[in-house]
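Some notes on the structure that comes next.
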Amino acid sequence: MPIVKLNATTVLTAVCPPGKAKIDLFDEDIPGFLLEVRPTGNNTFGLRYRDDHNRQRQIKIGNAADISPSEARKIAQRLKAQAITGRNPAQERKDKRNIPTVAELSVRYLEYAKTYKRSYDIDDRYLRLHLLPRFGRLHLDQLDQTQIMDWLASKVADGYAQATVNRWQVILSHMMRMAKKWGLPGSERNPLEGVKQKECNNQIERYLTPAETARLKVAVDSSPNTQLKYIVALLLLTGCRKRELLDARWEHFDLERKAWRIPMSKTGKARHVPLSDQALAVLEQVPRFKGCDWLLPNPATLKPFTAVYNAWDTARRAAGLPDFRMHDCRHTHASQLCNSGQSLYVIGKVLGHAQAKTTERYAHLSQETLLNAVNLAAEASGTDWAEGV
């Protein structure tokens, strides 16, 4: 076991004796620091040490052709210090190499999410289109809180809704929590743990006026997507969610009782939607396809639409309503219920809200109805009490 001063001269002049596979030259200053010399000239620096179980270990520092002796010496001193304090440098390096990337974690996460999450497809889309292009190549231990939050802020500046960006934050944070639960290396620190989502103003709702409704009807009636006119009409007449309607089957409708049973709503429970006479009239016009149980399938596949955005976007722009989202059909239905004098309790029941506070966003519309009611009551008295006061 030759002991020498491992310096540039030693590295340049070191030769493996004939007939040997390799020789180890140990440094005289740092115990265990060595240079493996091979006949091929592919010499490498390493460190031999004992772990906390007193087992001899050796870890490679680097090729002599790629790293200088002084640089290798510094690394050897750091690794030696780790070994002295009970850590295992070789195992730590192995663990580090096994740290998955965000893209690799996403595969396992989506398989897990598919088993319980109804919005699995949304997580899949957000990961594929937004999160993975930015963070997919990074290993879990490379994720940085400031980097992530700056990127999320830039997406809001680019025009994405704060609620959507918050959803990306939730997905990434949840992935890291699951990685830690699964014991994956690199997940010991969740960079998003404890980071609050930025508030988003979801109280600003868009409602259709009667004139806008008429324009929208003309536009959807003219759409190349022959199902769009039925989709939009039923969204406006029932206040249901888009996915609830696109996934609806004929068997869910009891036309005699004027009721639609949604077997699984956003709240995780079944709910019943009352059907107005207009809604029933629209349902009577909806075409039925032989051997197809879906209410509004894609005529080309006889399966539910995965999306109708392109047809919808064309129609709303043709109607002069570029800012009107499909989900705003639900808000329009709620506003019409309010303006017809219905209570927030009734509105919440129709829309299937699990919490009363969700319905309270429409309270200002109810106030307008109440004001109209008291003004009519004052006029009905036949006396102007303000006159002469």
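What follows draws every value from the coordinates through simple rules; no lab data is involved. Here the structure is a predicted model, which means the values were calculated and not measured. Every residue, glycine as well, gets a Cβ built from its backbone with ideal geometry; the counts of neighbours run over all protein chains shown.
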* Structure fact -> Most packed first (mean Cβ within 10 Å per residue), the peptides 223-229, 333-339 order as 333-339, 223-229
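Dividing the convex hull volume of the Cα atoms of segment 170-278 by its residue count, what figure in Å³ per residue is obtained?
On the way: hull volume 20.9 nm³, N = 109.
Per-residue hull volume (Cα only) is 192 Å³.
Fully extended, how many nm does the chain gain between residue 145 and residue 197 (0.36 nm per residue separation, minus their Cα-Cα distance)?
17.4 nm
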* Asked: What is the distance, in nm, between label points placed 7 Å from the Cα along the Cα-to-Cβ direction at residue 326 and at residue 286?
  -> 1.5 nm
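Kindly provide the helix-only [θ] at 222 nm of the chain, computed as the sum of -39,500 (n - 2.57) over DSSP H runs of four or more divided by all residues, to the nearest 500 deg cm²/dmol? All intermediate terms of the calculation are to be shown ahead of the outcome.
On the way: 17 runs with 176 residues, N = 389.
Theoretical 222 nm ellipticity from helices: -13500 deg cm²/dmol.
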* Structure fact -> So the FRET efficiency between residue 66 and residue 155, C-beta based with R0 = 35 Å and rounded to 0.05, is 0.30
* Structure fact -> residue 180 and residue 107 label points (each 7 Å along its Cα→Cβ direction) are spaced in nm at 2.5 nm
* Excluding residues fewer than 8 places away in the same chain, name every one of the lysines whose C-alpha is closer than 18 Å to that of residue 258. => 349
* Whose amide H sits under 5 Å from the amide H of residue 259, counting only residues 5 or more places off or on another chain, with H placed in the peptide plane? -> 254, 275
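Kindly put 280, 216 in sequence by how many other C-beta atoms sit within 10 Å of each C-beta, fewest to most. Walk me through the intermediate numbers first.
On the way: 280 14, 216 24.
Fewest-to-most ranking of 280, 216: 280, 216.
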* Please build a GNM for the chain, connecting alpha carbons under 10 Å apart, and tell me which residue among 281, 14, 179 fluctuates the most. => 14
* Asked: Anyone know which of 174, 130, 53 comes out most mobile in the 10 Å Cα GNM of the chain?
  -> 53
* To do: For residue 258 and residue 206, calculate 0.36 nm times their separation in residues minus their Cα-Cα distance, and state this gained length in nm to one decimal.
  => 15.9 nm
* Asked: Just the Cα atoms of the chain, one point each, no solvent: what log10 I(q)/I(0) does Debye give at q = 0.12, 0.13 Å⁻¹?
  -> -1.05, -1.18
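Cα-based Rg of segment 32-141 per 2.2 N^0.38 Å, rounded to two decimals?
Normalised Rg, Cα atoms only: 1.57.
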* For segment 102-181, what log10 I(q)/I(0) values come out of the Debye formula at q = 0.11 1/Å, with one point per alpha carbon and no solvent? -> -0.26
* Structure fact -> Magnitude of the Cβ-charge dipole (Lys and Arg +1, Asp and Glu -1) of the chain about the Cα centre, nearest 20 debye, reported as 1700 debye
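Over every pair of different alpha-carbon atoms in segment 3-97, take the mean of 1/r and invert it; report that Kirkwood radius in Å.
One over the average 1/r among Cα pairs gives 13.6 Å for segment 3-97.
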* Could you grab the Rg to Rh ratio for segment 118-225? Cα atoms only, Kirkwood for Rh. => 1.14
* For residue 50, which sequence-distant residues (separation of 5 or more, or a different chain) have an amide H within less than 5 Å of its own amide H, given hydrogens modelled in the peptide plane? -> 57
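According to the square roots a ≥ b ≥ c of the eigenvalues of the Cα gyration tensor, what is the shape class of segment 210-375, taking rounded for a/c under 1.5, prolate for a/b larger than b/c otherwise, and oblate for the remainder?
On the way: a/c = 1.94, a/b = 1.33, b/c = 1.46.
Since a/c reaches 1.5 but b/c is at least a/b, the shape of segment 210-375 is classed as oblate.
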* Structure fact -> If the chain between residue 128 and residue 77 were fully extended at 0.36 nm per residue, the gain over the current Cα-Cα distance would be 14.0 nm
* Structure fact -> Long-range amide H partners of residue 4, meaning residues 5 or more apart or on another chain whose placed amide H is closer than 5 Å, are 26, 27, 28
